[in-house]
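The values are calculated or read from the model by the stated rules, or taken from the named source; none is laboratory data. In this text the structure is predicted, and so the values were computed from the model without any measurement. No Cβ is skipped: glycine too gets one built from the backbone with ideal geometry, and neighbour counts run over all protein chains shown.
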Amino acid sequence: MTITVFLGSLLGAMAIGMPIAFALLLCGVALMFHLDLFDAQIVAQNVINGADSFPLMAVPFFMLAGEIMNAGGLSKRIVTVAMTLVGHVKGGLGYVAILAACIMASLSGSAVADAAALSALLVPMMVRAGHDKARSGGLIAASGIIAPIIPPSIGFIIFGVAANVSITKLFLAGIVPGLMLGLALVVAWWLVVRGENVTPPPRASKGDILRAVLDGFWALLLPLIIIFGLKFGIFTPTEAAVVAAVYSLFVATVIYRELRFAQLFELFVTAATTTAVVMFLVAAAMVSAWMITVADLPSQVSELLGPFMDSPTLLMLAIMALVVVVGTAMDMTPTILILTPVLMPVIKEAGIDPIYFGVLFIINNAIGLITPPVGTVLNVVAGVSKISMGSLIRGVWPFMLAQLIVLALLILFPSLVTVPARWFYG
């Protein structure tokens, strides 16, 4: 009955168009009334405590860093470097998109920001080269969702806070799986582009490559600074976010000089607006998370998953299948906030490494960003590139399938995540 009240109130509120944050508050209050525990002070206290978190301070700074990189020329230079390296091969612009997405993922951690920047820069170029517009947009949408996997990742920050696990370990454990997703896109694009009649740009000279690398040096240096600092404990993930924002601001205004101080106010407002949405979601989710614990929902879910508890692989397959379904109807952040407090006790009871689960959980949620009908990244790419949603869904499916295959391999072979992760964080 408790699960029915929880899901009924949450889904019912969403069905009538209530914003997710308020739906989370409502389902928490509904559980309170069901258990005869309603107290307005408890609601207020959990909302305040939900936002009062030092690790969550990383979110606004990474949001700001992403805005500065796009406006200040860092993203553009990364695309130029990728263009000189691989743009000349058949389908080279697609490989440029994948390589640029992997590099940009290590700068901002925001799938939406990366997909928007790459769509604006590369979709027109790919269409002029003869690539199918829907396929081009689909590739960039699928490339954009690498951002929540390769550190720094806003998704890992939210999951780490909700699950009470090390965000630094999540960051470092996401490096290899993120690169595997990029490699899967390379294979999928190679298969797709074989049937297209395209004219690749001419090969860049060694001088052009050197000039592009030197021009983009300061942008390319940032991911190395972040990964090095996390690996050797020089700074925490929250401090890494501050480093990213300040470094990007310095490079964009002083070195590249493409960002004027007059533009900063608009960038700050945009980053603050996006951050406010995320933070209110987290704060509201703490009410339902507290009630999930009080109502002992995890033990009821554990009973439902009882047939799979003796096999971690089958349990992970069942949970990941559930998350795929949820991802078609719900955005990444609310999915993390709703499911994490329910699933983490089950994961621990089954003896599954929380870091390993967190990486797969975020990968699955990231794929949800390109699954219709809600897929946020799909909507962004469709809007920026002027592609109809129906065409974009047709264009993205080969790449989404490739990423789902990677997810399945990570479930079947956990060492693909755990072994490199242990090397990174010792």
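Given the residues Leu214, Leu172, Leu210, which is the only one that is surrounded by 14 or more Cβ atoms within 10 Å (Cβ to Cβ) and assigned to a helix (DSSP H, G or I)?
Just one listed residue meets the conditions, Leu172.
Condition first: of a type in the set (Gly, Ala, Ser) and closer than 22 Å to Gly50 by Cα. Now tell me which residues in the range 1-28 satisfy that.
Ser9, Ala13, Ala21, Ala23, Gly28
Please note which helices (runs of 4 or more DSSP H) are completely contained in the range 322-426 and include at least 1 residues that are farther than 23 Å from Ile20 by Cβ and free of Cβ contacts under 8 Å to residues at least 40 places away in the same chain.
Hits in the range 322-426: 332-349, 389-412, 415-425.
Output the residues belonging to the range 126-161 that are in a helix (DSSP H, G or I), among the hydrophobic types (A, V, I, L, M, F, W, C), surrounded by fewer than 24 Cβ atoms within 10 Å (Cβ to Cβ) and touching a residue at least 40 places away in the same chain (Cβ under 8 Å).
Ala134, Val161
How many residues are within 23 Å of Trp423 (Cα to Cα) and of a type in the set (Ser, Thr, Tyr) when one looks only at the range 340-398?
1
Quick test of your reading of the structure: Asn164 fulfils all but one of (1) surrounded by fewer than 17 Cβ atoms within 10 Å (Cβ to Cβ); (2) at pLDDT 90 or above. Name the failing condition by number.
The number of the failed condition is (2).
I'd like the residue in the range 217-232 that is in contact (Cβ under 8 Å) with a residue 40 or more places away in the chain and over 15 Å from Ile78 (Cβ atoms) and, out of all such residues, is surrounded by the fewest Cβ atoms within 10 Å (Cβ to Cβ).
Step by step, filter the range 217-232, then rank; the result is Lys231.
Answer yes or no: is there a residue in the range 377-385 that is more than 23 Å from Ala120 (Cβ to Cβ) and out of contact with any Phe, Trp or Tyr (no Cβ under 8 Å at 6 or more places or on another chain).
Checked against the condition, which is being more than 23 Å from Ala120 (Cβ to Cβ) and out of contact with any Phe, Trp or Tyr (no Cβ under 8 Å at 6 or more places or on another chain), the range 377-385 yields no hits at all.
Of the residues Phe261, Phe250, Phe265, Phe280, which is under 24 Å from Ile42 (Cβ atoms) and aromatic (Phe, Trp, Tyr)?
On inspection, the qualifying residue turns out to be Phe280.
Out of the residues in the range 303-349 that are surrounded by 20 or more Cβ atoms within 10 Å (Cβ to Cβ) and not hydrophobic (A, V, I, L, M, F, W, C), which is farthest from Phe159 (Cα to Cα)?
Gly327
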